[in-house]
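Let me begin by presenting the structure, written as structure tokens, before commenting on it.
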Amino acid sequence: MDPGRQDEAMLPDAQAAHPIWRYAPQTARPYVQLARLDRPIGWWLLLLPCWEGSLLASSAEHMAPNYFHLFLFFIGAIVMRGAGSTYNDYVDRQIDAKVERTKKRPLACGAIKPQSALIFMMLQCFIGLSVLLFFNPLTIALAMISPFIVLIYPYAKRVTSWPQAILGLAFASGALLGWTAETNTLAPAALSLYLSGILWTIGYDTIYALQDVRDDIAIGVQSTARLFGKNVRMAVGLLYASASVFAAIAALLSGAGLFTLVGIGGFSLHLIWQTYHTGEEISAQKALSLFRSNRDAGLLLCSGLFIQSIINSL
């Protein structure tokens, strides 16, 4: 493909060097964009709470990490993030056409017909359901709640300044699924980790929303970025600090070891760094970069939990 045409088709927040984008056939590229496969940060942020819950439970139960479950969560996160993004773009296709960052999305620009997007979404959901059936009944039951939250999310920005909280309820639910997958029961530690994930999600999605504040004001879309305004750094800092506190409570409730606490410490330091660089006037590129860095924040926490799980299983 001609490089100029490739750049023109690429979305502003996509990763140009991502192999899925580089090697996908031209006809498949709109579907790559629709499922956000060229923007993997979304499925990472859906996956990490699943891994955190699974590893925390393994550590608490003195078991080695369940590698099969970790792999299932990996596949499930990719396809369900894709399905959720497809649905979001279907609902928001008219709004996306008015926003500079999103106007080239496949549904907004007409590269994919709405009916084709719905079929693609159902295919991804079918794969996600197939993965889910490997888990115990409690995990399956809890997982079936999350899609209803996802259905609400695109409409939330039209009626509330807290759509990020709705997103948090869905994205952080993996903490509960990871825990129940290993223990077949819920516990205060899992609920505390879930609350940590919700607060973390609100914080990082507020940073993400800073990219679109001007367009959102013009078209009447609401967000926590707009709500916090000039106080956005303090608000994100409070959200991140609370996320760290509840992660620590979850660890203590589950009998945390040294490496769990080290992982939480690395997670917290990364969030402090993000907060320092956050502000109302930061560029869209900086906001996107800070948002994407949350993959590393989550991996720091997962690394501590992973090592602790291995040590506790010996």
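Using the Cβ-Cβ distance between residue 111 and residue 68 with R0 set to 22 Å, the FRET efficiency from 1/(1 + (r/R0)^6) comes to roughly 0.05. Projecting the Cα atoms of 181, 221, 126 onto the charge dipole of the chain (Cβ charges, centred on the Cα centre) puts 221 farthest toward the positive pole.
Working from the Cα coordinates of the chain, the gyration tensor eigenvalues give, after taking √(5λ), semi-axes of 31, 23, 18 Å in decreasing order. Multiplying the residue separation of residue 28 and residue 103 by 0.36 nm and subtracting their alpha-carbon distance yields 25.1 nm.
In order along the range 82-98, phi translates into HN-Hα couplings of x, 5, x, 5, 4, 4, 4, 5, 5, 5, 9, 4, 6, 5, 4, 5, 9 Hz, rounded to whole numbers, per the Karplus curve 6.51 cos²θ - 1.76 cosθ + 1.60 with θ = phi - 60° and x for Gly and Pro. Per-residue packing, averaged as other Cβ atoms within 10 Å, sorts the ranges 298-305, 185-192 into the order 298-305, 185-192, beginning with the highest.
Below 8 Å, C-alpha to C-alpha, sequence gap of six or more: please give me the relative contact order for the chain in percent. Provide the component values of the computation, followed by the final result.
Numbers: 495 pairs, mean separation 69.7, N = 314.
22 percent.
Applying 1/(1 + (r/R0)^6) with r as the Cβ-Cβ distance of residue 186 and residue 119 and R0 = 41 angstrom yields a FRET efficiency of 0.70.
Scalar couplings 3J(HN,Hα) for the range 211-222, obtained by applying the Karplus form with A = 6.51, B = -1.76, C = 1.60 to θ = phi - 60°, are 5, 10, 4, 5, 5, 5, 4, 5, 9, x, 8, 9 Hz; x denotes Gly and Pro. Please give the calculated 222 nm ellipticity per residue for the chain, where each DSSP H segment of at least 4 residues contributes -39500 (n - 2.57) and the sum is spread over every residue; nearest 500 deg cm²/dmol? Only helices count here, giving -23500 deg cm²/dmol. The Cα center of the range 244-313 and the Cα center of the range 56-106 differ in position by 19 Å.
The modelled label-to-label distance for the pair residue 61/residue 273, using points 7 Å beyond Cα in the direction of Cβ, is 3.4 nm.
Relative to the current alpha-carbon distance between residue 261 and residue 234, full extension at 0.36 nm per residue lengthens the span by 7.2 nm. What net charge is computed for the residues neighbouring residue 55, neighbours being all others with C-beta under 12 Å from the C-beta of residue 55, Lys and Arg scored +1, Asp and Glu -1? That sum, taken over residues with Cβ under 12 Å, equals -3. With both labels modelled 7 Å from their Cα along Cα-to-Cβ, the residue 140 to residue 286 distance reads 5.0 nm. PRE reach from residue 151 (point 7 Å along Cα→Cβ): which of the range 116-144 fall under 13 Å by backbone N? Counting only backbone N, you get 144. Taking the Cα centre of the chain as reference, the dipole from Cβ charges on Lys and Arg (+1) and Asp and Glu (-1) amounts to some 580 debye.
A short reminder: the numbers here are calculations on the coordinates, not readings from a lab. Predicted, not measured: the structure shown is a model, and the values here were computed from it. In this analysis, Cβ positions are derived from the backbone assuming ideal geometry, glycine residues included, and neighbour counts consider all displayed protein chains.
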